[in-house]
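Below: one structure, written as structure tokens.
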Amino acid sequence: MKPPNSLLAATGTTIFTVMSALAQQHGAINLGQGYPDTDGPEDVVEAAARFLKDGRNQYPPMSGVQELREAVAAANRRFYGLDVGPSDVVVTSGATEAITACLMALLDPGDEVVLIEPLYDTYLPVVRMLGAIPRLVRLNPPDWELPRKELAAAFSVRTKAILLNSPMNPTGKVFNIDELGFIARLVIENDTYAVCDEVYEHLVFGSARHVPLMSLPGMRERTLRIGSAGKTFSLTGWKVGYVTGCATLASVVAKAHQNLTFTTAPNLQRAVALGLAKDDAYFASLAESLEAKRDRLAVGLNRLGLPTLRAEGSYFVSADFSAHFDGDDVAFCRTITEQARVTAIPVSAFYERDPPRHYARFAFCKQDHVLDEALTRLGQFFGTRAT
Ligand code: PMP
Ligand code: GLN
């Protein structure tokens with residue numbers, strides 16, 4: 001028999017699924033896969049339930065229901081001063097589909113794409129499935145500093161796009177305006193595009209600010225910006241994402257979406273539209289609450305002798321476990337899952353090759369008592385007191 005698609009057949013099961021299954025098997029607290037353990041805002045969830053019953057359950061418009069496209073456009077104007085209208089927006093089934101749709105919209109086989117490691121698990125397989133060529137530039141712990149020379153060298157006449165994730169998973173890095181300016185210059189000088197995975201746009205802490213690359217001079221027409229209701233409303237299972245671009249690019253993204261999922265559940269879309277119109281207090285308290293959770297977990301890990309790295313956004317903080325454990329990060333995450341009954345994700349999973357091997361990524365988007373219990377379990381396992 002002829003073999004199935006070789007790239008997919010060779011792709012392993014995602015680390016998030018592997019570690020969640022292991023967590024479940026051992027009754028571990030799952031600080032691996034990034035999902036909150038409480039529901040998002042009640043009014044949004046109730047609206048979705050109501051919208052299931054008012055007779056709009058057939059295929060919605062392909063690019064998204066008008067309410068949500070208008071709400072995404074309004075949010076772009078409200079939070080970032082971007083001049084966006086509903087025809088610049090395409091609604092997708094989660095940011096995961098949005099990433100694939102944007103890459104499909106921009107790439108021809110043989111085009112080069114600049115990617116920054118550590119990277120989210122779908123980026124590389126999708127780039128390769130499209131026959132495009134990844135050019136990897138790496139950030140290294142503990143500072144995750146942008147290596148500007150290497151980044152500039154990764155661009156060439158063959159470059160079609162850069163894929164930028166800020167706030168970044170797994171590092172928690174929020175690219176600052178200076179770094180964004182440098183990236184924007186490279187994009188413009190090399191006449192390329194940017195796909196910006198900004199799913200954690202509202203989960204930014206302290207004095208850090210999320211600035212969309214799209215808002216920099218000259219970038220409006222060159223950028224596709226991706227958001228996710230899953231992250232913005234703590235409803236990761238809903239899988240409602242949205243792409244903002246100029247109308248010309250957005251129409252090509254819509255063609256990709258047409259061939260991937262075609263549409264996304266209309267009831268959830270309408271509820272997300274209500275969510276995006278929530279007042280500033282909602283967005284501020286979401287970030288504040290996660291910042292407090294980051295601190296709670298980071299302080300606890302530090303006390304246990306696992307120094308954490310700076311994380312200014314996202315759901316995640318990485319910790320150096322080398323003082324406690326001799327093996328690599330895969331062995332560490334497996335061991336703490338099985339023996340301490342706390343699960344984390346090995347940071348090496350986010351690198352293609354030669355990864356750093358003594359960092360684990362912990363998700364802090366959990367209830368306080370769950371974080372405390374995880375720290376207690378780790379403390380007992382390491383033979384240290386948790387407080
Ligand atoms: N990009 C990044 C960086 C992520 O961490 C996630 C997490 N789930 C996604 C995309 C996917 O988002 P969604 O659940 O909306 O598909
Ligand atoms: N984004 C989530 C994480 O990084 C996982 C999403 C998934 O399991 N695909 O943990």
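The values are calculated or read from the model by the stated rules, or taken from the named source; none is laboratory data. The model shown is predicted, which means the values in this text are computed figures rather than measured ones. All Cβ positions, glycine included, derive from the backbone under ideal geometry; neighbour counts span all protein chains shown.
General remarks:
- Answer from C196, C246 - the residue that is of a type outside the set (G, A, S), in contact with an Asp or Glu (Cβ under 6 Å, 6 or more places away or on another chain) and within 28 Å of L151 (Cα to Cα): C246
- Test: residue in the range 337-360 that is within 16 Å of ligand 1 (Cβ to nearest atom), closer than 27 Å to P41 by Cβ and not hydrophobic (A, V, I, L, M, F, W, C): no
- Within the range 110-129, the set of residues being touching a strand residue (DSSP E or B) at 6+ places or on another chain (Cβ under 9 Å) and more than 16 Å from ligand 1 (Cβ to nearest atom) comprises G110, D111, E112, V114, R128.
- Scanning the range 1-42 for residues that are among the polar types (S, T, N, Q) and either closer than 17 Å to L235 by Cβ or more than 22 Å from the chain's Cα centre (by Cα) (or both) turns up N5, S6, Q24, Q25, Q33, T38.
- The residue that is farthest from I177 (Cα to Cα), among those in the range 38-94 that are in contact with a Ser or Thr (Cβ under 7 Å, 6 or more places away or on another chain) and aliphatic (A, V, I, L, M), is M62.
- Strands (runs of 3 or more DSSP E) lying entirely in the range 193-254 (those with 2 or more residues that are within 16 Å of ligand 2 (Cβ to nearest atom) and either more than 19 Å from A101 (Cβ to Cβ) or touching a residue at least 60 places away in the same chain (Cβ under 8 Å) (or both)): 223-228
- Only one of K231, K239, K255 that is more than 16 Å from ligand 1 (Cβ to nearest atom) and either surrounded by fewer than 16 Cβ atoms within 10 Å (Cβ to Cβ) or under 30 Å from T38 (Cα atoms) (or both): K255
- Selection count where residues are within 22 Å of V199 (Cβ to Cβ) and touching a His at 6+ places or on another chain (Cβ under 7 Å), scope the range 276-305: 3
- Test: residue in the range 95-104 that is small (G, A, S), within 16 Å of ligand 2 (Cβ to nearest atom), at pLDDT 95 or above and over 20 Å from Y351 (Cβ atoms): yes
- Lone qualifier among G40, G34 - being within 30 Å of A349 (Cβ to Cβ), touching a strand residue (DSSP E or B) at 6+ places or on another chain (Cβ under 8 Å) and within 16 Å of ligand 1 (Cβ to nearest atom): G34
- Lone qualifier among E189, E221, E179, E201 - being closer than 28 Å to G34 by Cα and more than 15 Å from ligand 1 (Cβ to nearest atom): E179
- Test: residue in the range 289-308 that is touching a Cys at 6+ places or on another chain (Cβ under 8 Å) and away from ligand 2 (no atom under 16 Å from the Cβ): no
- None of A360, A374 is in contact with a Cys (Cβ under 7 Å, 6 or more places away or on another chain) and closer than 15 Å to G32 by Cα except A360.
- Qualifying residue in the range 23-38 (condition: within 13 Å of ligand 2 (Cβ to nearest atom), touching a Phe, Trp or Tyr at 6+ places or on another chain (Cβ under 7 Å), of a type in the set (G, A, S) and on the phi < 0 side of the Ramachandran plot): yes
- Filter pass, L276 being more than 21 Å from G206 (Cβ to Cβ), in contact (Cβ under 8 Å) with a residue 24 or more places away in the chain and surrounded by fewer than 21 Cβ atoms within 10 Å (Cβ to Cβ): no
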